[in-house]
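Everything on this sheet refers to the single structure shown next.
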Amino acid sequence: MDFYGEVLQELIVALGGALFVANVLALYRRRSDAAASTRRTVARARAGSPVRGYARTGESSDLPQAPVARSVTYAIVGLVVMVWGIASIVH
């Protein structure tokens, strides 16, 4: 195999690994993210809060917690891509 083919296989393994690790970490941090979101909401609602007067445009783009079904699905997809890439390199 040529150099570019090997690099592409290694990038596929890295992409799958990053997708897997990031989503497992998001699942691991769910409880602390929920607590942090609660603290931000309470601080925003307090009288005299510097961020209280900021206009909120529509829905917040920040989720308080990572959705379980989506995170598990993406973690499985990342694991499959990583394993497939490793199998391609080894074969």
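Points worth noting:
- Label positions at LEU15 and ILE76, each projected 7 Å from the Cα along the C-beta direction, are separated by 2.1 nm.
- Each peptide in 15-22, 83-90, 2-9 was scored by the mean count of other Cβ atoms within 10 Å over its residues; highest first, the order is 15-22, 83-90, 2-9.
- In a fully extended conformation the segment linking ALA35 and VAL83 would gain 13.8 nm over its present Cα-Cα distance, using 0.36 nm per residue.
Here, each number is a calculation from the coordinates, and none is a lab measurement. Computed from a predicted structure; not experimentally measured. Backbone-built Cβ (ideal geometry, glycine too); neighbour counts: all protein chains shown.
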